[in-house]
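The values are calculated or read from the model by the stated rules, or taken from the named source; none is laboratory data. What you are looking at is a predicted structure, and each value in this text was computed from that prediction instead of being measured. Reconstructed Cβ throughout: ideal geometry from the backbone, glycine too, with neighbour counts over all protein chains shown.
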Amino acid sequence: MESTMDSKRSQSSRGEEEELISTLHKRQGLNSFNLNLVKYQGFWYADMSLVATTISAQRHFQAQRSDIFVCTAPKTGTTWLKALAFAIVSRTAVDGDSTADPFVSKSPHECLPALEYAETFAPFHRDPRNPLIATHVPFSSLPKSASDSSGCKIVYICRDPKDTFVSMYHFFAKLAASRNMEPVPLNKAFEFFCEGASSFGPYWDHVLGYWKASLYQPDRILFLKYEDMKENTAFHVRKLAEFIGYGFTLEEEGNRVVEKIVRMCSFDHLSNLEVNKNGKIAENTPWEMENKLYFRKGTVNDWENHLTPEMAAHMDLITEKKLSGSGLNLIYACVVDVQVRIKLCPSTKLIVPDSICFPSMESKRNQSAHGDEKEVTSTLPRRAGLNLFYQGFWYSDVSLVATTISAQRSDIFLCSFPKTSTTWLKALAFSIVSRTTVIDCDSTADPFASMSPHECLPALEYSETFTPFDRDPRSPLIATHIPFSS
Ligand code: PAP
């Protein structure tokens, strides 16, 4: 696979790159060794050499159809995703015995070449058996052959910005300590991150770039979330493997290969390997790092132990604002009282439980008092005919906006835009889940002989209006017209 960046950079193009780089904006931010960040194509890079190698990749790297890019913003699960992707593509070696475990002798970071570090410390050698390439470069700055033309696959992982920040803060603090340098204080680091001034930041723009691209090219770009992967790793390993063209055979399923990969790439397993406790990557270069810096806690919502409620609310507001209208939600648990959020930004529109977008996640949101909801709904824009504008969509009634429930793992949401065959979908889903009674198709067993499909399911947004939100414990179905982002 001679796909890649052979060293074609001529002296003159190096000169041009250096001239371009010297004009780029620089500023202090959340970065290694307290270096100034450098802004290139709307994102902050850790230093000039990283911009130079990115430019070089943009000019000379030719992606192939068989390439698989593992793309991440820093501290969102890079190490884990690299390990999983590498274990999947090289799994003939995965027998479960330690000699076949590729991570016993090297960190997951050493298993994939990294696009932007190519000429800095790791020569861009491709192993022809390994189609994987890692990068932190934002989607809009990928080499064109990777972002549009080659047909290669891209896998991206994102994470709640609050946990991403906390992870990054600790990483840089430990890195500073290892060089006897003063770490950036938490408050200052938080300010930098929120301003977008962090390595490969603004974080939200990084995520949105890949998110939007994944909506346009869903068969080429797989968008994953750290929290979902933690919730059900095996499911996502199967999904990832299928997506990159390395799906598991029935025989492999029978041999529990998926479970072996999950275990081999788990935080507990990797962080306890000698190589990750005492080894280093990029040894004897300015970028030398101890492998253990990449393993801290590996949990969801650790931000609760480090951020004040005000900090969390502030970051959530940025996230809501930045992602508004994108259909993407990255706020997993809102422990912050609605009152705090309203105080911080009186015009903010909120409510509607976060848990609905993430039925698999445990919702910690306190049920807000109806008084708070009324306070918020009374501030929303109105228009004749379509009464109320809420989170980018028109609702016909105030009461529709004020619904509060907590979704369960077992719930199944049937979501539809009005008049797109809601009735049919409700009827089909209800027949499927209650088929012990309808399977014979005699009219007495037909549930629709006596009830409209609309009466068979509770509707989320009408819960408190005309149908009390009584759940039949035998039916996991809930219907809604609410947009995904709400
Ligand atoms: P990078 O982008 O700089 O390479 P990355 O691996 O994304 O770093 O970030 C490290 C985070 O992933 C750490 O999160 P924490 O600070 O919140 O704990 C690290 O613990 C976590 N991590 C590393 N390996 C795994 C794993 N196998 N499973 C889950 N999380 C992991």
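Structural remarks
- Pairs linking a residue in segment 1-28 that is under 30 Å from Arg65 (Cα atoms) to a residue that is at pLDDT 75 or above and aliphatic (A, V, I, L, M), with Cβ atoms under 6 Å and 6 or more positions apart or on different chains, are Glu17/Ala52; Glu17/Ile55.
- Hits in segment 152-192 (condition: more than 16 Å from the ligand (Cβ to nearest atom), over 19 Å from the mean Cα position of the chain (by Cα) and more than 22 Å from Pro202 (Cβ to Cβ)): Cys152, Arg179, Asn180, Met181, Glu182
- Residue satisfying all of: in segment 32-54; assigned to a helix (DSSP H, G or I) and small (Gly, Ala, Ser); modelled with the lowest pLDDT among these: Ser32
- The set of residues in segment 55-75 that are farther than 22 Å from Phe165 by Cα and within 16 Å of the ligand (Cβ to nearest atom) contains only Phe69.
- Residue match in segment 58-71 (condition: in contact (Cβ under 8 Å) with a residue 60 or more places away in the chain, farther than 16 Å from Thr135 by Cα, in contact with a helix residue (DSSP H, G or I) (Cβ under 9 Å, 6 or more places away or on another chain) and not in a helix (DSSP H, G or I)): no
- Taken over segment 219-238, the criterion of being part of a strand (DSSP E or B) and within 13 Å of the ligand (Cβ to nearest atom) is satisfied by Leu224, Lys225.
- Positions within segment 263-280 being near the ligand (Cβ under 10 Å from one of its atoms) and either hydrophobic (A, V, I, L, M, F, W, C) or not assigned by TED's automatic domain parsing to the domain that holds Asn34 (or both), in sequence order: Met264, Cys265, Phe267, Leu270
- Asp472 vs. criteria among the acidic types (Asp, Glu) and at pLDDT below 80: yes
- Filter result (free of Cβ contacts under 8 Å to residues at least 24 places away in the same chain and either more than 17 Å from the chain's Cα centre (by Cα) or part of a helix (DSSP H, G or I) (or both)) within segment 196-218: Tyr216
- Residues of segment 282-306 satisfying the condition of being among the β-branched types (Val, Ile, Thr), within 12 Å of the ligand (Cβ to nearest atom) and surrounded by fewer than 17 Cβ atoms within 10 Å (Cβ to Cβ): Thr299
- Taking segment 379-430 as the range and being modelled with pLDDT of 85 or more and touching a helix residue (DSSP H, G or I) at 6+ places or on another chain (Cβ under 6 Å) as the test, the residues that pass are Leu414, Ser416, Thr423, Lys426, Ala427, Phe430.
- Residue list for segment 125-148, filter: under 22 Å from the mean Cα position of the chain (by Cα) and hydroxyl-bearing (Ser, Thr, Tyr): Thr135, Ser140, Ser141, Ser147
- Candidates Asn276, Asn272, Asn305 - the one that is modelled with pLDDT of 95 or more, over 28 Å from Cys152 (Cβ atoms), in contact with a helix residue (DSSP H, G or I) (Cβ under 7 Å, 6 or more places away or on another chain) and not hydrophobic (A, V, I, L, M, F, W, C): Asn276
- The numbered conditions (1) under 19 Å from Asp302 (Cβ atoms); (2) surrounded by fewer than 16 Cβ atoms within 10 Å (Cβ to Cβ); (3) not acidic (Asp, Glu) are all true for Pro183 except (2).
- In segment 219-246, residue surrounded by the most Cβ atoms within 10 Å (Cβ to Cβ) [restricted to those that are of a type in the set (Phe, Trp, Tyr) and within 12 Å of the chain's Cα centre (by Cα)]: Tyr226
- Scan of segment 199-232 for residues that are more than 18 Å from Lys75 (Cα to Cα) and hydroxyl-bearing (Ser, Thr, Tyr), ordered by number: Ser214, Tyr216
- Every pair of residues 6+ apart whose Cβ atoms lie under 9 Å, when the first sits in segment 284-304 and is in contact (Cβ under 8 Å) with a residue 40 or more places away in the chain and in a loop (DSSP other than H, G, I, E, B) while the second is within 9 Å of the ligand (Cβ to nearest atom) and aromatic (Phe, Trp, Tyr): Phe295/Phe267; Arg296/Phe171; Gly298/Trp80; Gly298/Phe267; Thr299/Phe267; Val300/Tyr226
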